[in-house]
Amino acid sequence: MNTFLLKLYLKFQDLANREEGQEMVEYALIVALVSFGAVTGMMALAGALNKTFVQISSTLGNYTT
């Protein structure tokens with residue numbers, strides 16, 4: 001029974017010391033950060049575009065009446 005527990009302990013230690021999965025986590029964090037920045041930038045751009053089109057619309061409305 002002791003050898004089974006020792007083997008199990010060593011197996012868990014081996015899994016805990018592996019670094020293969022860390023790269024995927026780092027890439028996922030980078031993708032999340034880039035996507036958050038893109039969404040934030042697009043929201044700011046959408047607000048600026050909306051404001052510009054409202055100004056154009058009001059200017060054209062003033063010229064047509």
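The numbers here are math on the coordinates, done by the rules we state, and not lab data. Note that the structure is predicted; figures quoted are calculated from it, not measured. Using ideal geometry, Cβ is built from the backbone for each residue, glycine included, and neighbour counts are taken over all protein chains shown.
Quick look at the numbers
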item	result
Cα gyration tensor, region 25-65 - rounded (a/c under 1.5), prolate or oblate	prolate
Using alpha-carbon coordinates, inclination of helix 2-17 to the longest axis of the chain, degrees	30
Cut-off 15 Å (backbone N to label point 7 Å along Cα→Cβ of Phe53), residues of region 29-45	43-45
Sum of -39500 (n - 2.57) over DSSP H runs of 4+, divided by residues of the chain (222 nm, nearest 500)	-34000 deg cm²/dmol
Crossing angle, helix 20-64 versus the chain [Cα axis fit, 0-90 degrees, rounded to tens]	10
